[in-house]
Amino acid sequence: MRERSLLACAVTALLLSAARPAAAGCEPSLRFIGMHSLAANERVGEYVVGGLSGLDYDPATHEWYLVSDDRSEHGPARFYLAELNFDSQQIADVRLLAARRLGALGPETGEIIDAESIRVGVRKGELLVAGESDERLRVGPWVRRVDRGGRWLGDITLPAALAQQTPPATRGPRPNRSLEGITYGEAGNVLWLSMEAPLLQDGPEASVDVGADVRFTRLRLSDGTFAQYVYPTDATRAHGNGESSDNGVSEILTLNEHELLVLERSGTRLKDGHFRFHVRLYCSTWANATNVAAVDSLAGRTFRKMTKHLLFDFDDLPGVHADNVEGMSWGPDLATGERSLVFVTDNNFFSDVPTQFLFFAAHLSPQNRARAENVTVRGAPMK
């Protein structure tokens, strides 16, 4: 396996300089451990590794799962089983052990298109895979249950407001800018869904002057009832002539009963077709936000938005340029008493762009650690 790691000798100077204290009342504080890269031509069996848009860790089996957003252009829809070996000071190895082909769109024949997030399911032996809408194929955002071999087990019914509309659509999710992140909450009884950009009727996407209002959905799995809250994204990054930029939410992760970790990513398309990325991690609370589930359009309306506090700006990593960070997962506890937090990048299958794994240690105060441990995810307490 061709690989490049930043091990202890290379990251010693980074550990303190890359640590960034969290805003008051919003944890955790993060300490950068290091980065490991996979070459752009990495393969697992017959499949090229690329487009990694989601990852999750199973604390029961110590296995990692990664999903590709390949639209069947480089191989069938698939996810990978991986082994990540690291501790509180260094990364020893990242190994992709096997590729699993995802099942059809249901009973029909066909590929799952544009998978964006993966989570270990509450039911034993299950995974949840989520993906974006595809206007051309008339496929809306979706969340599907699959077994660990990739076989389709059923769909999670999503609110009708998130369904793809018949083109030319003026309502509903934006194509290729819709469902990007999922995470469990409330003992696995709730599933959070994050859109990358606003619904068409809710207003424009982020610009260099102003951010955008993006809906987060809190779906109760037992009966399908849901609430929605508005997350305010940052503006896009400034760009030069002949370039374009966007900004949106690429993943979410449960922190405790009222707070989520939110990954924002602004991408600038350069003149040569490549991208430059600016990635930030926020802690966001929905506790005092307005439930806008009954609001058809946010345009011109007044409501309380989710609040957010910057935990980490990936531009602050000294000597490391973070690429297109799309996946985020809690990992195992560390010997220091910290909890690991791991990110993965989507290289968009560029032949000269590696896939990055970025490893952090997250410190929680005893009070907030107790709050986190009261939130059960994947059938096991978040410890």
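Annotations
- The sole residue among D315, D352 that is part of a loop (DSSP other than H, G, I, E, B), under 29 Å from V67 (Cβ atoms) and not β-branched (V, I, T) is D352.
- Subset tally (residues that are farther than 9 Å from S117 by Cα and either at pLDDT 95 or above or of a type in the set (F, W, Y) (or both)) for region 63-75: 3
- Verdict on L96 being out of contact with any Leu (no Cβ under 7 Å at 6 or more places or on another chain), modelled with pLDDT under 95 and crowded, with 18+ Cβ neighbours inside 10 Å: no
- One residue stands out in region 235-262 among those that are among the hydroxyl-bearing types (S, T, Y) and part of a strand (DSSP E or B): the one that is nearest to L55 (Cα to Cα), namely S250.
- Among residues of region 26-67 being charged (D, E, K, R) and in a strand (DSSP E or B), the one that is nearest to A287 (Cα to Cα) is D56.
- Restricting attention to region 162-184, the residues being in contact (Cβ under 8 Å) with a residue 60 or more places away in the chain and more than 17 Å from I118 (Cβ to Cβ) number 2.
- Among residues of region 148-161 that are loosely packed, with under 13 Cβ neighbours inside 10 Å, those with a beta-carbon under 7 Å from a residue that is outside any strand (DSSP E or B) at least six positions away or on a different chain give the pairs D155/G106; T157/G224.
- The C-beta contact set for region 53-77 (first residue at negative phi, second residue surrounded by fewer than 15 Cβ atoms within 10 Å (Cβ to Cβ) and among the aliphatic types (A, V, I, L, M), distance under 6 angstrom, 6+ apart or interchain) comprises P59/A380.
- One residue from D316, D323, D346 being surrounded by fewer than 17 Cβ atoms within 10 Å (Cβ to Cβ) and charged (D, E, K, R): D316
- Any chance A322 is outside any strand (DSSP E or B) and of a type in the set (G, A, S): yes
- In region 272-299, the residues that are basic (K, R) form Cβ pairs under 6 Å with partners that are buried (at least 18 other Cβ atoms within 10 Å of the Cβ), at six or more places apart or across chains, as follows: R276/T268; R280/E264.
- For region 265-292, a tally of residues being in a loop (DSSP other than H, G, I, E, B), modelled with pLDDT of 90 or more and of a type in the set (G, A, S) returns 2.
The values are calculated or read from the model by the stated rules, or taken from the named source; none is laboratory data. Predicted model, so just to flag it, every value in this text is computed and none were measured. Reconstructed Cβ throughout: ideal geometry from the backbone, glycine too, with neighbour counts over all protein chains shown.
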